[in-house]
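Here's the structure we're looking at; comments come further down.
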Amino acid sequence: MKGIQFMSAAVLCLAALSGTAFAQESAFDMPLTSSAYVKDYESFKLAAANDTEVSVKKSNSAAPVVAATPFEPPLITGGKVHQYLGLGTIVLAGLTAVTAPGEGCETNCTAQANQPRQTNGTHAKLAKATVAMAAAAITTGLITHWDDFHLADGITDPDNLHILLGVTGAALMAYAVNKSKNSTVPVSHAGIAEMGALGMVAAIKITW
């Protein structure tokens, strides 16, 4: 009986000792486990930081900032050609008036009827060049601005007035040159030509 009690006590002691040893071993293993966890967490943080940095670099490199360049209109367009031809017509009209021979024939044409006429001189050539450039200005204007003319807007509309004055001015200058060219005697034509030139000046001024 005493032997059985002794064996039971020994078993209990061994069980208690094994439990204590297991607890101590677990206690010693816990720091190792926690340190491994901390290392893994630190690695996770570093990996996350690297991923963020790479993604930021990628996003920055994927969308480069491009400086906006100022808009520069082309030097040669249909509208600019029309404008240059109109201005050239006014310049030629002025040169034509300056090179008119003598006093012209505006008030005393009968007295100058027997005087020889210059039909191919500088004045005549400039007059023909003026009419040709005026015709080119009108043609380019009709081609590039044909849709700006609307009768419903009335004559006082700037676009309508520009077209009417320009066409009328060119027609008057062409009539004056043709009148002088086809006459065998000096004929009054300067006033008509000047009116035509002023009409084209007004047309240009309206839309300048």
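The values are calculated or read from the model by the stated rules, or taken from the named source; none is laboratory data. Predicted model only: the values in this text are computed from it and were never measured. Heads up, the Cβs are rebuilt from the backbone with ideal geometry, glycines too, and the neighbour counts pull from every protein chain shown. Accessible surface is based on the protein model in full, side chains and every heavy atom, while ligands, DNA and RNA are left aside. Shrake-Rupley method; radii C 1.70, N 1.55, O 1.52, S 1.80 Å.
Annotations
- Scanning the stretch 179-206 for residues that are open to solvent by less than 70 Å² (accessible area, probe 1.4 Å) and assigned to a loop (DSSP other than H, G, I, E, B) yields a count of 6.
- Residue match in the stretch 161-178 (condition: over 16 Å from ALA124 (Cβ atoms), modelled with pLDDT of 85 or more, outside any helix (DSSP H, G or I) and of a type outside the set (A, V, I, L, M)): no
- Picking from residues in the stretch 141-160 that are among the β-branched types (Val, Ile, Thr) and assigned to a helix (DSSP H, G or I), the one that is nearest to the chain's Cα centre (by Cα) is THR144.
- Checked against the criterion of being open to solvent by 80 Å² or more (accessible area, probe 1.4 Å), over 24 Å from GLY78 (Cα atoms) and either more than 37 Å from the chain's Cα centre (by Cα) or modelled with pLDDT of 90 or more (or both), the candidates PRO116, PRO101 yield just one match: PRO116.
- Test: residue in the stretch 190-203 that is among the β-branched types (Val, Ile, Thr) and at pLDDT below 90: no
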